Amino acid sequence: MPTLEHRDRIFVTGETGEGKSLLVRTLFSAARPPKVVVDPVGSAMTRVAGPTFRDPTRLPDAAECRFVPRDPTDLDAYEELHRRLWVRLRAAVAKGDPQRWSLWEWVDEAGLVLPVSKTPESARTMVITGRKWNIGGAWLHTRPREVSKAVLANAQHTVIFGLALAEDRDYVSDQCAIPRAELDRALSELGGGGACLWWERRARVLHPMTLEIT
């Protein structure tokens, strides 16, 4: 398993049904609180022990929670949510509260939350500067070209569950700094049933892995 820090950003992409959400759920369970799930559609996989809320102006005071917007395409809701997460984080820093001065975020369907165009500014800022504020997490989406470049470019780790289209391989290779020839070779050798590639950017190593799907 590659070395992970709490404040690392992880981008997860690839084919449906291969284990993306299962992997991120495992990482979410292991992360220390506070932590939040952002799920545009409210799938069963993203349910957590804490409360689910739909109004971004009513951020729960809980160790973990899940935001499911009333409208999955409402970019203003994602902006307001992340703005309030920033407010809470900065207040914790100002008070010297070590229990609140961190965040781990699981963003499901990241192409809806942080699309390539009209990306909510507070969500984008969290991706770009979050490492300095002890913010980590995972952003996942099936088609990488639908996700803001900031997510891929700032990821310390990229996990790939297959990429059939050349344009998706181009995008991941360019934004994540994965050598294209190495990516193509590794993908050609990738099996199914939970098989993935884990790009560890710091070490510049592409790890082939197989998750246990249960």
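Candidates in the range 85-99 are the residues that are of a type in the set (Gly, Ala, Ser) and open to solvent by 30 Å² or more (accessible area, probe 1.4 Å); of these, the one that is nearest to Val151 (Cα to Cα) is Ala91. Candidates in the range 74-115 are the residues that are out of contact with any Ser or Thr (no Cβ under 9 Å at 6 or more places or on another chain) and of a type in the set (Lys, Arg); of these, the one that is nearest to Arg54 (Cα to Cα) is Arg88.
Candidates Ile135, Ile128: the one that is over 21 Å from Phe28 (Cβ atoms), in contact (Cβ under 8 Å) with a residue 24 or more places away in the chain and not aromatic (Phe, Trp, Tyr) is Ile128. Of the helices (runs of 4 or more DSSP H) contained entirely in the range 100-214, not one carries at least 2 residues that are open to solvent by less than 50 Å² (accessible area, probe 1.4 Å) and modelled with pLDDT under 90.
Determine whether Thr3 is at pLDDT 95 or above and either under 22 Å from Leu206 (Cα atoms) or not in a helix (DSSP H, G or I) (or both). No.
In this structure, Glu18 does satisfy being touching a residue at least 40 places away in the same chain (Cβ under 8 Å), open to solvent by 20 Å² or more (accessible area, probe 1.4 Å) and in contact with a Phe, Trp or Tyr (Cβ under 6 Å, 6 or more places away or on another chain). Applying a threshold of 6 Å to beta carbon distances and a minimum spacing of six or more residues, or different chains, the list of pairs starting in the range 28-41 at a residue that is within 7 Å of Val68 (Cα to Cα) and ending at one that is open to solvent by less than 10 Å² (accessible area, probe 1.4 Å) and among the β-branched types (Val, Ile, Thr) reads Val38/Val107; Val38/Val113; Asp39/Thr46; Asp39/Val68.
The values are calculated or read from the model by the stated rules, or taken from the named source; none is laboratory data. Just so you know, these numbers come straight off a predicted model, no measurement behind them. Every residue, glycine among them, receives a Cβ derived from its backbone with ideal geometry; neighbour counts consider all protein chains shown. All accessible areas refer to the heavy atoms of the entire protein, side chains included, with ligands and DNA or RNA removed. Shrake-Rupley method; radii C 1.70, N 1.55, O 1.52, S 1.80 Å.
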